[in-house]
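Below is one structure, written out as structure tokens; comments come after it.
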Amino acid sequence: MAAAAESAKQPLLPRTYPSQVVSASSPALPSVPSAGVPGAGSRRFQSVLDVPNLKKRGGGTRSWIRVEAATASVQTIDLDKATMMRRCELPARDLRLLDPLFVYPSTILGRERAIVVNLEQIRCVITADEVLLLNSVDNYVLQYAMELQRRLLQRAEGDELPFEFRALELALEAACSFLDAQAAELEIEAYPLLDELTSKISTLNLERVRRLKSRLVALTRRVQKVRDEIEQLMDDDGDMAEMYLTEKKMRMEASVLSDQPLLGFNAAGAGTSVSAPVSPVSSPTESRKLDKSFSLCRSRHDSVKSSDNSATEHIEELEMLLEAYFVVIDSTLNKLTSLKEYIDDTEDFINIQLDNVRNQLIQFELLLTTATFVVAIFGVVAGVFGMNFETDVFSIQNAFQWVLITTGVIGAFIFCFFVWFFKYKRLMPL
């Protein structure tokens with residue numbers, strides 16, 4: 001019994017486990033720091049977190065070009081994604097559209113306090129006070145910032161276009177001009193190449209036309225996406241009303257100013273209620289104050305409702321702006337469509353030429369087969385006369401010559417019949 005008690009007091013041996021295999025699907029967990037070795041756990045965590053290529057969540061910053069609406073100043077700032085989300089009140093999925101690591105089609109999104117624009121090289125967030133443009137080495141980005149600054153400084157006195165519409169107009173202008181320039185360059189290259197292909201069909205010219213058509217299809221897809229995005233905005237009054245950021249900002253400031261008297265009244269009422277009890281004599285005064293607060297809230301609600309109605313009525317300004325650039329991008333799309341039709345017509349013409357050559361080869365093959373058949377008849381006659389047996393035909397004078405002449409006449413007749421049949425009966429076009 002004593003031996004059993006001593007064995008029960010002894011600690012159990014630690015169980016050994018096989019070594020863990022670190023993989024991408026099951027990463028190794030940091031070990032728990034042991035009591036006997038101080039600092040072992042901290043060294044373990046430090047070795048895990050000090051990976052040079054490890055990207056921390058929210059730690060990556062990007063360079064943005066900021067154009068301020070009030071002073072038209074241009075500066076470069078570094079902001080991370082979380083700061084941008086708080087600054088512009090945008091969800092992460094909207095900022096993902098501006099990420100250069102992803103390829104997204106052209107998009108224009110109207111949000112509560114910002115407009116997200118992704119048009120070709122121009123990727124920016126437009127607010128009522130500033131434009132945050134994703135910094136890039138592309139020359140179009142710097143030109144956009146400089147041109148926006150110039151237009152803000154040279155703004156006319158009677159021009160009351162809001163700041164967000166100025167920035168959006170410049171982005172649309174840059175995208176439309178860029179796509180139109182690419183379409184014009186493609187036209188200059190395409191038409192001489194297609195004319196050369198029609199005059200000389202070669203493997204090199206066909207390969208050049210194939211590459212040209214691939215570029216045309218890609219450019220047409222991009223232009224079509226910009227056109228569809230503008231058309232979708234023009235067809236939706238709610239999306240256009242969401243883009244009036246300056247008006248919504250002024251409305252919010254007015255609502256905050258109207259809330260201040262109500263807050264002061266509530267604070268004063270709370271002070272009187274704490275200091276002294278309400279007497280029956282003062283109840284009419286309190287009821288009048290309550291009616292006043294209700295009327296203030298009602299007037300605020302009416303002002304907000306009227307401002308919403310005015311925003312809905314004034315969306316024609318934005319609609320006219322979008323319609324102007326819709327005409328430009330639609331003209332570019334028509335150019336590309338005409339070029340594609342010209343390429344299709346050239347391909348049809350080349351196919352007709354190839355079909356004609358193929359038919360001529362088939363006709364020549366049939367004529368050659370007919371001639372071979374006629375020659376084979378002479379071979380049969382020569383073979384018959386060359387047989388080693390006796391017949392009365394051989395005793396006739398000049399029988400071989402007469403047989404050859406008859407065979408030649410029959411063969412010539414057969415050959416002429418086939419030529420006439422192929423040519424005049426149009427069985428195979430020449």
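The values are calculated or read from the model by the stated rules, or taken from the named source; none is laboratory data. This structure is a prediction, so every number in the text was calculated from the model and none was measured. Using ideal geometry, Cβ is built from the backbone for each residue, glycine included, and neighbour counts are taken over all protein chains shown. With ligands, DNA and RNA removed, areas are computed over all heavy atoms of the protein, side chains included. Shrake-Rupley method; radii C 1.70, N 1.55, O 1.52, S 1.80 Å.
Points worth noting:
- Accessible heavy-atom area order of Leu216, Leu366, highest first, probe of 1.4 Å: Leu366, Leu216
- Approximate spin-label separation Phe417-Ser63, in nm, with each point projected 7 Å along Cα-to-Cβ: 8.7
- Top positive-direction residue, dipole computed over segment 175-263 with Cβ charges, set Tyr191, Ala181, Leu219: Tyr191
- Solvent exposure, largest accessible area first (probe 1.4 Å, DNA, RNA and ligands not counted), of Val327, Val131: Val327, Val131
- Residue-span extension gain [Val357 to Met250] - 0.36 nm each, minus C-alpha spacing: 31.1 nm
- For Lys81, the accessible area of its heavy atoms, probed at 1.4 Å with every protein chain present, is near 90 square angstrom.
- Relative contact order computed over segment 65-206 (Cα-Cα under 8 Å; 6+ residues apart), in percent: 21
- Backbone amide hydrogens, once placed in the peptide plane, bring Leu79 within less than 5 Å of Arg62, Trp64, excluding anything fewer than 5 places away on its chain.
- Rounded if a/c under 1.5, otherwise prolate or oblate - segment 141-218, Cα gyration tensor axes: prolate
- Here the simple spin-label model places points 7 Å from the Cα toward Cβ, and for Leu204 and Ser338 these points are separated by 3.0 nm.
- Euclidean distance between Cα centres, segment 84-114 to segment 146-179, Å: 21
- Note on Asp138 and Ala70: the model spin-label points, each 7 Å out from Cα along the C-beta direction, lie 3.1 nm apart.
- Considering only alpha-carbon pairs that sit under 8 angstrom and 6 or more positions apart, the relative contact order computed for segment 113-178 is 35 percent.
- Separation between Cα centres of segment 343-369 and segment 225-255, rounded to whole Å: 58
- Whole-number accessible area per residue in Å² for segment 56-113, which is evaluated in the context of all protein chains at 1.4 Å: 60
- Applying 1/(1 + (r/R0)^6) with R0 = 56 Å to the Cβ-Cβ distance of Leu153 and Leu193 gives a FRET efficiency near 0.80.
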